[in-house]
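Structure first, commentary second.
Computed from the coordinates by the stated procedures, all read-outs in this text should not be read as laboratory data. What you see is a predicted model, and the numbers here were worked out from it, not measured in a lab. Because the Cβ atoms are built from the backbone with ideal geometry, glycine has one as well, and the counts that use them run over all protein chains shown.
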Amino acid sequence: MRLTREKSLLLIVDLQAGLLPVIQHGDQAVTEATWMAGIAGELEVPVWVTEQYPEGLGGSEPRLLEALPAHRLWHKVHFDAHAEPAFAEAMAAGDRHQVVLCGTEAHICVMQTGLGLLEAGYEVYWLVEACASRRADEARLAKERMVQAGAVAVSADMIAYEWLHRCDDARFKQAHRHFLKERSARPLVFSG
C-alpha cells in the first residue's frame, strides 16, 4: 500500500470560502491542501477539487485556487462526490486508484466521499492535517471511522516523500527547493 505518483490522485473536497470561517483549523486545512497540491503539480499527480452547492456556500477558497496547479473542478449535490455519475465515470475511466483525500467537512462530505471510493474499490489515504470540521471531535471521529473502513491515515510529508521515492534526481531537488525545505519549520496541529 505504498503511494506512487503514477497511481495517485489528490482530491480536495469542499474547501469553500463560505464554509471555512466556521471550520476549526480551516486555515491549516487550506494551507496543507495548497502545499500538497503544489507537490502534486510538481510531480504531475492530478488534482481534483469539489464544491458542494457553491451558490450557497461560495466557491473554493481563493487562496487555494490561486495556488493550484492545473486541476479539475467538480460541482456536486451529493455529499459523496463518487455518487455523482460524471465523477464516478471519470474515476473509472482513469488509471488513478490511490486517492489522497482532504477537505471539509471531514465528517460529512470528505468521509462520505471516502466511503464511496472505498466501496468502489479505490485505495483511500486520509490526509489528516487537511481534513477539518466545525468541531475537531467530528474530524477525529471521521478519521477513526475511515481507518476502520479501510482508509489509511497519512500526513502530507508521508505522501510527498512516497511520491518522490528517491533523493538523487531532479524532481526531488526541485520539490525540495520549492516545498520541502521551508516545511520543516512550520508547526502543525492534527485536527483529526
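Electrostatic bookkeeping for Glu55 treats Lys and Arg as +1 and Asp and Glu as -1; over the other residues with beta carbon under 14 Å from its beta carbon, the sum is -1.
Distance between the modelled labels on Glu6 and His78, one decimal in nanometres: 3.0 nm (7 Å Cα→Cβ projection). Of the residues Ala132, Ala17, Ala92, the one that moves most in a GNM of the chain with alpha-carbon contacts below 10 Å is Ala92. Stretching Arg135 away from Glu162 to a fully extended chain increases their span by 6.7 nm, per 0.36 nm per residue minus the current alpha-carbon distance. Sites listed here are chymotrypsin sites (Phe, Trp or Tyr not before Pro) in region 86-136 whose DSSP assignment is loop and whose Cβ has at most 15 other Cβ atoms within 10 Å, and the list is empty. Amide H to amide H, with H built 1.01 Å from N, Val124 comes under 5 Å of Val99, Val152, counting only residues 5 or more places away or on other chains. For the pair Ala120 and Ala92, the difference between a 0.36 nm per residue extended length and the Cα-Cα distance amounts to 9.2 nm.
Once the other residues with Cβ under 13 Å from the Cβ of Glu138 are scored (Lys, Arg +1; Asp, Glu -1), what is the net sum?
Details: positive: Arg134, Arg135, Arg140, Lys143, Arg145; negative: Glu105, Asp137, Glu144.
It works out to a net charge of +2.
Note: relative contact order over the chain, using C-alpha pairs below 8 Å and six or more positions apart, is 26 percent. Charge tally around His75: other residues with Cβ under 12 Å, Lys/Arg +1 each, Asp/Glu -1 each, net -2. Measuring between their Cα centroids, region 83-150 and region 18-71 lie 15 Å from each other.
Among Met91, Met146, Met36, the largest mean-square fluctuation in a Gaussian network model of the chain, built with springs joining Cα atoms closer than 10 Å, belongs to Met91.
Using only Cα coordinates, the Kirkwood hydrodynamic radius of the chain works out to 16.3 Å.
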